[in-house]
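Engineer: Please read through the structure below; I'll follow up with questions.
Values in this text are rule-based calculations from the coordinates and carry no lab data. Values in this document were obtained by computation on a predicted structure and should not be read as measured data. Positions of Cβ are generated from backbone atoms using ideal geometry, with glycine treated the same way; all protein chains shown enter the neighbour counts.
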Amino acid sequence: MELDAGVATERAVVPQQEMSQDRSSVPGMKLAVEAQGLVKQYRGRSGTVDAVRGVGLAVAAGEVFGFLGPNGAGKSTTVRMLTTLMSITSGTARVAGVDVMAEPDAVRRRIGVALQEAGLDPRQTGRELLVLQARLFGSSSGQASAKAQELLELVDLVDAADRRIKGYSGGMKRRLDLASALVHEPEVLFLDEPTTGLDPASRLTVWDEVRRINARGTTVFLTTQYLEEADQLCNRIAIIDGGRIVREGTPGQLKGDLQRRRATAPPPTLEEVFLDATGRTRERVAGDVKGVSE
Amino acid sequence: MQQAGVLGGRALREGLRTPESAVPTLFIPLFFLVVNVGQAGKIFPSSSTSFLEGQSYAAFTLPSSLLLAASFGTAALYLVEDIEGGYFDKLRAAPISRSALVIGRLLAEAAKSVVITAILVVLSLPFGISIASGPVGFLLLLVLTALWAVVFAGFMQLIALKTRSAAATNSGGLVFFPLLFLTPNFVPRELLTRPMEIAATFNPVTYVMEGLRSLILQDLAWAPIARGFAVVAVLGVVMVALNVRLIRHYD
Ligand SMILES: Nc1ncnc2c1ncn2[C@@H]1O[C@H](COP(=O)(O)OP(=O)(O)O)[C@@H](O)[C@H]1O
Ligand SMILES: [Mg+2]
């Protein structure tokens with residue numbers, strides 16, 4: 001429906017802004033993700049697709065970084081390159097201080113990944129999936145069982161733990177997927193559209209979990225097409241459109257910049273920043289990027 | 001290797017969770033055994049057919065059924081399910097050797113094949129079959145069939161990794177028709193027509209079949225056994241190497 005969700009959450013975001021401004025003022029801060037000139041071309045029979053066209057990123061350790069963009073902007077492609085799942089056409093990327101192309105396994109040990117389609121094996125139980133995941137990251141079978149139990153409690157899936165994943169709801173699958181990305185206590189957690197397709201209650205649960213995970217010291221890199229999500233959760237955001245980053249900063253900075261540029265009275269919402277950055281109109285954006293209030 | 005074991009364990013669990021998938025693997029080979037014996041059993045009475053070595057025709061044709069059971073390539077069908085469902089990407093994001101990702105399933109396939117082959121041999125005992133090469137021969141028979149299962153599943157995994165499509169992987173499985181039937185499956189190679197004999201000579205499955213057959217009909221005859229093992233060893237190495245190569249460049 002209406003896209004004014006950003007306004008409603010204006011107040012909630014203020015303390016987070018202050019936090020991240022503190023952080024970004026520290027010089028020589030350790031970077032959790034850094035990329036220069038990232039390019040991805042898909043070559044297929046029907047020609048070449050330039051999905052990502054020179055993306056540069058600098059995500060500080062400890063922050064929740066939001067990668068905001070409409071469908072097809074190149075968010076998933078960027079995440080797949082940063083998480084070693086896809087080759088990089090050109091450019092360089094370091095995650096948790098390690099070069100993605102040179103030492104993919106070292107990167108894999110330091111990151112957790114929950115992709116856009118929660119890829120879970122329907123024939124295993126939630127517990128089995130977590131135990132297997134922990135074993136693959138080097139835990140003994142005893143450690144893996146303990147870790148699985150701990151994570152099931154964290155994402156509130158203890159009751160469903162011994163049922164097959166096939167019968168889980170969408171929200172339960174997302175939470176399990178999130179848990180499975182945490183078995184090895186990663187330094188950086190990548191979440192590709194963690195709440196797309198979820199009902200509002202499940203969405204709030206996932207937000208809470210993201211905040212809790214971040215509070216334990218994990219850097220979170222999340223993509224979203226929801227403006228409110230970026231506004232609520234993220235210390236800093238980058239807006240990507242057509243494979244290029246078109247804005248970057250804290251939600252507060254982005255709104256402030258636009259307000260100064262326009263010199264208008266009411267402070268703009270993140271939505272207006274987004275519209276300005278992507279050259280979209282309200283009508284067009286309704287199909288691309290959504291407020292959560294619908 | 002330990003990671004391949006963990007993944008193999010999961011693949012076995014998956015097999016146990018879908019027992020219905022084992023039904024055709026047991027039923028179709030038994031069906032072929034019954035039909036083959038029913039059609040050709042009278043032409044080749046054991047008393048006057050020297051190539052039966054005193055056993056029934058069922059013993060002669062059992063290897064075709066065992067190889068058929070080992071050529072379902074279920075590992076690849078589950079793999080393509082993982083790929084289509086996205087779970088494969090989760091596994092790929094783990095810091096495990098790329099080869100463990102493809103070898104785990106092949107290990108499970110070998111284990112499943114041992115169980116299915118043993119069941120098929122037991123079920124075919126009422127047809128008057130005995131394993132002339134004794135317990136050692138029976139073990140060799142299990143291993144040889146399991147290695148063939150790895151070769152075939154490995155081949156189908158190549159299609160799965162390349163196409164990432166269940167339909168294509170299923171179609172790829174149809175190569176078992178020429179592979180299994182351009183062989184001396186009804187009569188020994190010397191009795192085949194000339195073109196058929198040539199085709200069978202070039203078909204690697206012929207040597208696996210002849211190896212299995214010698215284990216059933218004769219005391220340990222090392223020459224055909226060695227040829228059978230040589231064929232699966234070479235093909236097995238090729239398949240695993242190609243699988244590893246594909247997964248290394250999987251994008
Ligand atoms: N495997 C692929 N082959 C060809 N084009 C692709 C492939 N995956 C994505 N694309 C294209 O690349 C662009 C970016 O896609 P993606 O990264 O999935 O965007 P987002 O996650 O932001 O929605 C889109 O135009 C999409 O159609
Ligand atoms: Mg996407």
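Engineer: State the extension gain, in nm to one decimal, for the chain segment bounded by B:SER97 and B:LEU220, taking 0.36 nm per residue of separation less the distance between their alpha-carbons.
Structural biologist: Values: separation 123, 0.36 × 123 = 44.28 nm, distance 3.91 nm.
Working it through step by step, the gained length comes to 40.4 nm.
Engineer: Just how many pairs of Lys in the range A:2-285 have C-alpha atoms closer than 29 Å, counting pairs that are eight or more places apart or on different chains?
Structural biologist: 10
Engineer: Given contacts defined as C-alpha pairs under 8 Å and at least six residues apart, what's the relative contact order of the range A:2-285, whole-number percent? Please report the intermediate quantities before stating the final value.
Structural biologist: Details: 522 pairs, mean separation 72.3, N = 284.
It comes to 25 percent, rounded to a whole number.
Engineer: A follow-up question, please. Would you work out the charge dipole size for the protein assembly as shown about its Cα centre, treating the Cβ of every Lys and Arg as +1 and the Cβ of every Asp and Glu as -1, and quote it to the nearest 20 debye?
Structural biologist: On the way: 55 positive and 52 negative charges, 206 e Å.
Dipole of the protein assembly as shown, to the nearest 20 debye: 980 debye.
Engineer: Something else: Which of B:SER50, B:ALA93, B:ALA230 sits farthest toward the positive end of the charge dipole of chain B, with +1 on the Cβ of Lys and Arg and -1 on the Cβ of Asp and Glu?
Structural biologist: Toward the positive end, the furthest listed residue is B:ALA93.
Engineer: Each residue of the range A:246-255 in order: what ³J(HN,Hα) in whole Hz does its phi give by Karplus 6.51 cos²θ - 1.76 cosθ + 1.60, θ = phi - 60°, with x for Gly and Pro?
Structural biologist: 10, 8, 7, x, 6, x, x, 4, 4, 5
Engineer: Helix-derived [θ] at 222 nm for the protein assembly as shown: sum -39500 (n - 2.57) over DSSP H runs of at least 4, divide by residue count, nearest 500? Working shown, then result.
Structural biologist: Values: 24 runs with 303 residues, N = 545.
-17500 deg cm²/dmol, from helical runs alone.
Engineer: ³J(HN,Hα) across the range B:129-134 via Karplus (A = 6.51, B = -1.76, C = 1.60, θ = phi - 60°), whole Hz, x for Gly/Pro?
Structural biologist: 9, 10, 8, 5, 8, x
Engineer: Given N residues in the protein assembly as shown, what is Rg(Cα) / (2.2 N^0.38 Å)?
Structural biologist: So the protein assembly as shown has a normalised radius of gyration of 1.21.
Engineer: Still on this structure, please answer the following. Just the number: Rg to Rh for chain B, Cα atoms, Kirkwood Rh, two decimals.
Structural biologist: On the way: Rg = 18.6 Å, Rh = 18.7 Å.
Rounded to two decimals, Rg/Rh equals 0.99.
Engineer: Another one. Starting with the fewest neighbours, write out B:LYS90, A:LYS147, B:LYS42 ranked by other beta-carbon atoms found within 10 Å of each beta-carbon. Write out the running numbers ahead of the final one.
Structural biologist: On the way: B:LYS90 25, A:LYS147 22, B:LYS42 9.
In increasing order of surrounding Cβ atoms, one gets B:LYS42, A:LYS147, B:LYS90.
Engineer: Here's something else I'd like to know. Give me the percent of DSSP beta bridges within the protein assembly as shown that run antiparallel, rounded to the nearest 5.
Structural biologist: Roughly 55 percent of the DSSP beta bridges within the protein assembly as shown come out antiparallel.
Engineer: What residue among A:GLN149, A:LEU178, B:PHE31 has its Cα farthest toward the positive end of the dipole of the protein assembly as shown, where the charges are +1 on Lys, Arg and -1 on Asp, Glu, each on the Cβ?
Structural biologist: Of the candidates, B:PHE31 comes out farthest on the positive side.
Engineer: Could I ask something else about it? Report the far tail of the P(r) of the range B:75-193, meaning the percent of Cα-Cα pairs longer than 18 Å. Display every interim value, and only then the final one.
Structural biologist: Values: 4454 of 7021 pairs.
Considering the range B:75-193, 63 percent of its Cα-Cα pairs are separated by more than 18 Å.
Engineer: Further question on the same structure: So who's got an amide H within less than 5 Å of the one on A:GLY54, skipping anything under 5 residues away but keeping other chains? H placed 1.01 Å off N, in plane.
Structural biologist: Amide H to amide H, under 5 Å and 5 or more residues apart or across chains, A:GLY54 pairs with A:LEU38, A:VAL39, A:LYS40.
Engineer: With θ set to phi - 60° and the Karplus curve 6.51 cos²θ - 1.76 cosθ + 1.60, what are the ³J(HN,Hα) couplings of the range A:144-160 in order, to the nearest whole Hz, using x for Gly and Pro?
Structural biologist: For the range A:144-160, the Karplus-derived couplings read 5, 5, 5, 5, 4, 4, 4, 6, 4, 5, 4, 9, 6, 10, 4, 5, 8 Hz, x marking Gly and Pro.
Engineer: Dipole of chain A, Cα-centred, from +1 at each Lys and Arg C-beta and -1 at each Asp and Glu C-beta, to the nearest 20 debye? Walk me through the numbers before you get to the answer.
Structural biologist: Numbers: 38 positive and 39 negative charges, 153 e Å.
Charge dipole, chain A, about its Cα centre: 740 debye, nearest 20.
Engineer: Return, for the Cα atoms of the range A:152-216, the radius of gyration and Dmax in Å, separated by a comma.
Structural biologist: Just the Cα atoms of the range A:152-216 yield Rg and Dmax of 11.5, 31 Å.
Engineer: Let me ask something else about it. Once Rh is set to the Kirkwood radius over Cα pairs, what Stokes-Einstein translational diffusion coefficient, in µm²/s, holds for the range A:118-261 at a temperature of 10 °C and a viscosity of 1.306 mPa s?
Structural biologist: Working: Rh = 16.5 Å.
For these conditions, the coefficient is 97 µm²/s.
Engineer: For the range B:13-74, what D do you get in µm² per second when you plug the Kirkwood radius from alpha-carbon pairs into Stokes-Einstein at 25 °C and 0.890 mPa s? It would help to have the intermediate numbers written out before the result.
Structural biologist: Working: Rh = 12.9 Å.
This corresponds to a translational diffusion coefficient of 190 µm²/s.
Engineer: Round to the nearest 10 and give me the degree value, 0 to 90, for the angle of helix B:2-17's Cα axis relative to the longest principal axis of chain B.
Structural biologist: Approximately 70 degrees, to the nearest 10.
Engineer: Separate question: Report the relative contact order of the range A:32-120, percent, no decimals, based on alpha-carbon pairs under 8 angstrom and at least 6 residues apart. Spell out each step's value before the answer.
Structural biologist: On the way: 138 pairs, mean separation 27.1, N = 89.
Reported as a whole number, the value is 30 percent.
Engineer: Taking H placed 1.01 Å from N in the peptide plane, check which residues at least 5 places from A:ARG247 or on another chain put their amide H under 5 Å from its amide H.
Structural biologist: For A:ARG247, whose amide H was placed from the backbone, the distant partners under 5 Å are A:ILE239.
Engineer: A further question on this structure: Treating the angle as unsigned and between 0 and 90°, give the value, to the nearest 10°, between the Cα long axis of helix A:200-215 and the longest Cα principal axis of chain A.
Structural biologist: Orientation of helix A:200-215: about 80 degrees from the principal axis.
Engineer: Using only alpha-carbon positions, what ratio does the radius of gyration of the range A:2-285 give when scaled by 2.2 N^0.38 Å?
Structural biologist: On the way: Rg = 19.0 Å, N = 284, 2.2 N^0.38 = 18.8 Å.
It is 1.01.
Engineer: Moving to a separate point now. To the nearest 20 debye, what is the magnitude of the charge dipole of chain B about its Cα centre, counting +1 on the Cβ of each Lys and Arg and -1 on the Cβ of each Asp and Glu?
Structural biologist: Working: 17 positive and 13 negative charges, 93 e Å.
Roughly 440 debye, rounded to the nearest 20.
Engineer: Which distance in nm do the two modelled labels at B:ARG227 and A:THR264 give, with both placed 7 Å along the Cα-to-Cβ direction?
Structural biologist: 8.5 nm
Engineer: Given the range A:49-169 reduced to its alpha-carbon atoms as identical point scatterers, what log10 I(q)/I(0) does the Debye formula return at q = 0.13, 0.19 Å⁻¹?
Structural biologist: Listed by q, the Debye log ratios stand at -0.69, -1.13.
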